[in-house]
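Report on the structure given below.
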């Protein structure tokens, strides 16, 4: 039963389990109490804090435990922002931060009227340090940057950005959730947040480090615990287990990084060979060792996940169909890469090579099966030109069927198509979800001559990302989007 | 090693331990994911939510799990207050709520300018429903009342207060942390918060129920988990263990309530017989089955706890010397009872009778030992009149020694003493901590004739509570307090 979603939650490390069980007997009492059970609990907590601080690279009194990584990010941001209230309320984040960072920035903006600047990323998902530098302002209270991206694995230039922030006197909060198990975050960061269940610790434990000298004003109701920075009774057995597994994971990290990096390299190389029309995303070099993401043209992400699950592989996806909001992952959007048929693989420590090989055996059949059921066009690196459906008989594949909103033919000569005198086609994919609009585009694309255009009418958010991505993959020209009656017209010009 | 502090944190219930270990294998994955590990985790979470809702007496979709009881209180209050922002920002709480409630109310007041009304309690620590009714206003957004007090065990009239609140259209949040293990909270409450480690569940789990129809607007950054009411990755193994132990504890509750109630009755009856000058506080009838609190005159609470710990008994205290702020418990203050030498005993389920008997054997010697070391006056129900120290030679016991601020004699005829022509004494206890000011008062009290007064100069917060309490216990008249140079003069008139 290969589980390839360590980036969501890693299986509990055996050392964590052992430490948890051992400390259930010693760590259940209130560490603030004066009696022996309390003193024992306090000793465990102190020892865990020291070990965690060493692993993070900070002083023990700079580190508090939180109930989750999300909570660490929220508390870290709100405390740092409040601590610099007099400077201003401007926040800088990268466009590919974890949702906990983006949501905390949005909540701050809503509450204070402060602006949020999202620093864009390149096609690998990396932020450029000079772009961070340009985003900093006189009234910037806080900058945030992840150590490595949680969806595509790309490492961010934290040390360089920290240096720029320091020169401007702006604190930098690093979300190290995905990388802390692999090693310390280098550079002069000011605050650091992480989450234990990402490194094989139990759920219910995050950590927040706030370097001395960083102005920090904890928000919310007062509470004595954790230096006044985190209210609520401490979860000591889980904290002990979390720190024990962090140390255990770090001890394996160097060797496992080499081994898993090679397995991921194999996936990165083999998937495009084995499966047609795949885009492997993220930085091939500057990346987490264990994580790789790719997207498959003409594939429904949810169906792909279900089929992989049936084949015993547990993976996650940033496709819109796997999201509760039916929008593609903001990370893939910010990178401008294909989002349909998206698969993220994040290998847990100790993943056997055979499981990866088995995945590579299974994947091609799974993808082609999903494509077949969707009526996807035959694979080709060139634009699909045959078998082109008769425009008049194209109703059953062109989207009008399920939406029921459009009575006319799905594909028609478009008098309003871009290009004026050049031939144009309109594909009505209103009411159809990813990947149908792209499939419909591909099906008819061969019908327009070079120089002609196809306009895809769609109300699916994924189309905005995936139609340009299709153009990029196919070497066609993405003209742009225009408002349409019940959605948007995405216009593509055939150039070859 | 008798542990008598279940109200702080109960030892992990064997059922909780079992459930935790079992669910570590099934419950570590992300319940929002589509693959089998995620589905298994979601099933566990759903089942736990149903069982918890049944134990609370609400619908499963009304209940979310939180990382702590404190967090449940904070989130419940902030969400309910925000949901009724248009009505107003006034909050009603009892004066003896848990600090998490009082601190959340204070934070709300600081952030919004809304007022907080503290409903007073009687000498048993109970709020009167009609006092709650009088406290409600047109702009009251939320009322809060604990089900039972965490320091003295007194049950609050939740059902009656809930009825009054309902008739006024004000939601009532019940902090059920201390009572949920014993049974459902009756009445038409609107929100309910509780904490698993109080009933033998693991740390890291609280719960918050918000009844349908209650306006509720979760505060802080958005997050999908727990119906958008509690951010962060759920701690499913701990949740499963928490709910399993709640059910197990409830199954034992009826029998254990009878058994522990009898043991507490024994403590309530025997302690005043065995130890002179003790005040047992809290309602003798309408109380938690397992909890009793008493205070010992002329005793240092911290020393008492240490001696009891040496004798293998783990108890807690609301005395000022055991608090980080050096103020007596706000509960004891609100009740107007003695705070020095305070001991809270809260018996875990299954406490053997022999442990209670052993405690009753040990306590008298421990108390008299502490009193002896403090130079406390001999015990007597009447005011101590001998051996009265010579006023001029009273320096070594009257406080100037440690504070170093007062060079004069500790006890002196006071030209400014209350009462004008009546004889008066001034005791200088500046710089001396609880219970010294009261001991100094008692030592000299016999020197003034009936009708005369003693003024105790003190800068210790506990004196404000304990000098009136001493008067009450001794049948003397507490005249009041007056500002003095480095503290306050507490004036007592001898009436017998």
If we ask which residues in segment B:304-335 are closer than 17 Å to residue B:151 by Cα, within 10 Å of another protein chain (Cβ to nearest Cβ) and either in contact with a helix residue (DSSP H, G or I) (Cβ under 7 Å, 6 or more places away or on another chain) or touching a residue at least 12 places away in the same chain (Cβ under 8 Å) (or both), their number turns out to be 6
When you go through (1) under 19 Å from the mean Cα position of the chain (by Cα); (2) assigned to a helix (DSSP H, G or I); (3) within 26 Å of residue B:281 (Cα to Cα) one by one for residue B:132, which number turns out not to apply? (1)
Of all residues in segment A:420-441, count the ones that are touching a strand residue (DSSP E or B) at 6+ places or on another chain (Cβ under 8 Å) and farther than 17 Å from residue A:338 by Cα. 10
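Wholly within segment B:164-248, which strands (runs of 3 or more DSSP E) include no fewer than the required count, namely at least 2 residues that are over 23 Å from residue A:202 (Cα atoms) and within 14 Å of another protein chain (Cβ to nearest Cβ)?
It comes to B:172-175.
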I'd like to know if segment B:15-23 contains one or more residues that are more than 10 Å from chain A (Cβ to nearest Cβ), out of contact with any strand residue (DSSP E or B) (no Cβ under 9 Å at 6 or more places or on another chain), over 30 Å from residue B:318 (Cα atoms) and part of a loop (DSSP other than H, G, I, E, B). no
Checked segment B:137-163 for anything under 20 Å from residue B:249 (Cα atoms) and not in a strand (DSSP E or B); matches are B:147, B:149, B:150, B:153
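Residue-wise test of (1) part of a helix (DSSP H, G or I); (2) more than 30 Å from residue A:344 (Cα to Cα).
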residue	(1), (2)
A:1	no, no
A:33	no, yes
A:81	yes, yes
A:103	yes, no
A:107	yes, no
May I ask you to verify whether residue A:105 is over 28 Å from residue A:145 (Cα atoms), assigned by TED's automatic domain parsing to the domain that holds residue A:157 and crowded, with 18+ Cβ neighbours inside 10 Å? no
Look at residue A:122 and say whether it is in the same structural domain as residue A:79 (by TED's automatic domain parsing) and closer than 16 Å to residue A:330 by Cβ. yes
Per the filter on segment B:109-119, residues farther than 16 Å from residue B:333 by Cα and not in a loop (DSSP other than H, G, I, E, B) are B:109, B:110, B:111, B:112, B:116, B:117
Exactly one condition in (1) closer than 24 Å to residue B:342 by Cβ; (2) at pLDDT below 95; (3) outside any helix (DSSP H, G or I) is not met by residue B:473; state its number. (3)
What's the total number of residues in segment A:72-100 that are over 19 Å from residue A:214 (Cα atoms), buried (at least 24 other Cβ atoms within 10 Å of the Cβ) and at the interface with chain B (Cβ under 9 Å from one of its Cβ atoms)? 1
Residue count, segment A:319-343 (criterion: part of a loop (DSSP other than H, G, I, E, B) and surrounded by 24 or more Cβ atoms within 10 Å (Cβ to Cβ)): 8
Hey, among A:292, A:280, A:299, which residue is away from chain B (no Cβ under 14 Å), closer than 25 Å to residue A:472 by Cα and part of a loop (DSSP other than H, G, I, E, B)? A:299
What number goes with the only condition from (1) modelled with pLDDT of 95 or more; (2) in a loop (DSSP other than H, G, I, E, B) that residue A:268 does not pass? (2)
Top-ranked residue in segment B:34-67 [being within 14 Å of another protein chain (Cβ to nearest Cβ), free of Cβ contacts under 8 Å to residues at least 24 places away in the same chain and touching a helix residue (DSSP H, G or I) at 6+ places or on another chain (Cβ under 7 Å); ranked as farthest from residue A:304 (Cα to Cα)]: B:36
Looking at residue B:67 and the list (1) over 15 Å from residue B:109 (Cα atoms); (2) crowded, with 21+ Cβ neighbours inside 10 Å; (3) in contact with a strand residue (DSSP E or B) (Cβ under 6 Å, 6 or more places away or on another chain), which single condition is not satisfied? (3)
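On the given criteria, is residue A:10 at the interface with chain B (Cβ under 10 Å from one of its Cβ atoms) and buried (at least 21 other Cβ atoms within 10 Å of the Cβ)?
In short, yes.
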Out of A:444, A:456, I need the residue that is in contact with a strand residue (DSSP E or B) (Cβ under 6 Å, 6 or more places away or on another chain), touching a residue at least 24 places away in the same chain (Cβ under 8 Å) and not in a helix (DSSP H, G or I). Which one? A:456
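The values are calculated or read from the model by the stated rules, or taken from the named source; none is laboratory data. Keep in mind that what you see is a predicted model, and the values were worked out from it rather than measured. For neighbour counting, all protein chains shown are included, and Cβ atoms are generated from backbone atoms with ideal geometry for every residue, glycine included.
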